[in-house]
Amino acid sequence: MLVVDDSEFVRSIVREAVEGAGHEVVEAADGREAVRTALGEEPDVITMDVEMPRMNGLEAVQAIMSSRPTPTLMLSSHTERGASVTLDALSAGAVDFLPKPDGEADRE
């Protein structure tokens, strides 16, 4: 799996969860690095943030899909059902989206 996010903290949380399930992880900190890594490492799945420096996640998904189509899950605080960025990501080739937690815990 390729985990793409400009936040080292988010990458570490996703990496720990995925490695804990017995899968290998490679990381990228921006879209350009994601494209290069996806072409070189040929991951089975990608998680992709939207807002990143140098190349955003939507541009990276488009580049990856045109060169080496790979199932991509958008993982961002900007992706939610019906949001235009979510629809753009799905149109670019992402297979699904998952919003990042906002840090607030439900207390019932």
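The values are calculated or read from the model by the stated rules, or taken from the named source; none is laboratory data. Keep in mind the model is a prediction, meaning the values are calculated, not measured. Here Cβ is always computed from backbone atoms with ideal geometry, including for glycine, and neighbour counts include all displayed protein chains. These area figures cover heavy atoms from the full protein model, side chains too; ligands, DNA and RNA do not enter into them. Shrake-Rupley method; radii C 1.70, N 1.55, O 1.52, S 1.80 Å.
Counting only Cβ charges, +1 for Lys and Arg and -1 for Asp and Glu, the dipole size of the chain around its Cα centre is about 340 debye. Counting only heavy atoms of the protein chains and using a 1.4 Å probe, M52 has close to 20 Å² of accessible surface. One chain, two ends: V26 and R68. Fully extended at 0.36 nm per residue, the span grows by 13.5 nm beyond their Cα-Cα distance.
On a full-extension model of 0.36 nm per residue, what is the gain between A17 and E41, subtracting their alpha-carbon distance, rounded to one decimal in nm?
6.6 nm
Taking each DSSP H run with n ≥ 4 as -39500 (n - 2.57) and averaging over every residue of the chain yields -12500 deg cm²/dmol at 222 nm.
Once the convex hull of all Cα atoms in the chain is built, its volume per residue stands at 102 Å³.
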